[in-house]
Amino acid sequence: MSNKLSFVLIALLMCSGARAEPGNSFFQGEIIMERVALFLSFEPYSKAQQGFSQLNERLEEAAAMAADGRLDKAEEILDYSGYSSDAIAAALQNLADEPGAELDEILQLEHALGQYEANSAEFMLALDTAMLRTLGKTDSEESRSLLASEHEKLQDAVEYRKARTIIKLKAVHEFSAAEAEHYIKQRMAALGIRQEENMQTLLKVGQGYAALARERLEHAHDKGYNTDNLAGFIDKLQQALRSGDMLVEQRDFTGVRQLTRISQQISSLVLSEEDESMFEHEYLSQASHAVSEIGQLGNTSTR
């Protein structure tokens, strides 16, 4: 698509005051322009960076739609992410065979993946919050599964490429494993890459889920249900989340991810069920098991 046509579409959108969202021609035009831009990007690193930029932009748009209460549109927008993620995975495969591929490139792509992970978590929190406010409970498992599948695909591609790069780095510079790790940290600092920012976002999402669960329990308590057991689990969860900054400082990013996952898991038991269902033995047992995992954090590795 020519730049002239792109400008025409943008001008029409601005003049009409219409919003680019699934179901209208402006959104379709935006998607077409993005896909053409990816198709015409022949350098693997640039294609992958552009793909991540598109994915993250979609997630930000979807989160905004969820916050506005447009739940169907928010979930529908995720259906348009497949082309970008496929392009990233293909670009990373090509990058692996590029003789000029360097460590800096894969470190920046790994950081973009971390931003995608954080944005995905923020979107799911926005979606679940909107569903709870609108429907009285959450029903977001399809969107959660889609995002998890996309993230796993991209993570596998990035990690494979990074592993090949590290092997090359050790061979060229005759680095030991410790020396290679130190060199990677130096390059990340030089590039201004701070994994801590994405991890802090994940912690905030975990805190958001715990707060939602607390609100839901208070609602159930007001209706006469005995919420003591589940409330105790939420207490332990919130206490762990308040200590989450220590995991970030220790660069225990796997621990941060696990803590956020546990928060989502416990909260989902409260948010996705009707009042009477959340107090069944099965759900209490699941919550108890999830809380027991919190005590196992701290012996994990950085990823």
Flag for residue 133 being assigned to a helix (DSSP H, G or I) and open to solvent by 70 Å² or more (accessible area, probe 1.4 Å): yes
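Looking at segment 156-174, is at least one residue within 26 Å of residue 207 (Cα to Cα) and either at pLDDT 90 or above or out of contact with any strand residue (DSSP E or B) (no Cβ under 6 Å at 6 or more places or on another chain) (or both)?
The answer is no, given that none of the residues of segment 156-174 is within 26 Å of residue 207 (Cα to Cα) and either at pLDDT 90 or above or out of contact with any strand residue (DSSP E or B) (no Cβ under 6 Å at 6 or more places or on another chain) (or both).
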Near pairs, Cβ below 8 angstrom, 6+ apart or cross-chain, from segment 134-150 (closer than 17 Å to residue 265 by Cα) to any residue that is open to solvent by 70 Å² or more (accessible area, probe 1.4 Å): 137/274
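The values are calculated or read from the model by the stated rules, or taken from the named source; none is laboratory data. What you see is a predicted model; the values in this text were computed from it and never measured. Please note: Cβ atoms are built from the backbone with ideal geometry, for glycine as well, and neighbour counts cover all protein chains shown. The area values use the complete protein model at the heavy-atom level, side chains included, leaving out ligands, DNA and RNA. Shrake-Rupley method; radii C 1.70, N 1.55, O 1.52, S 1.80 Å.
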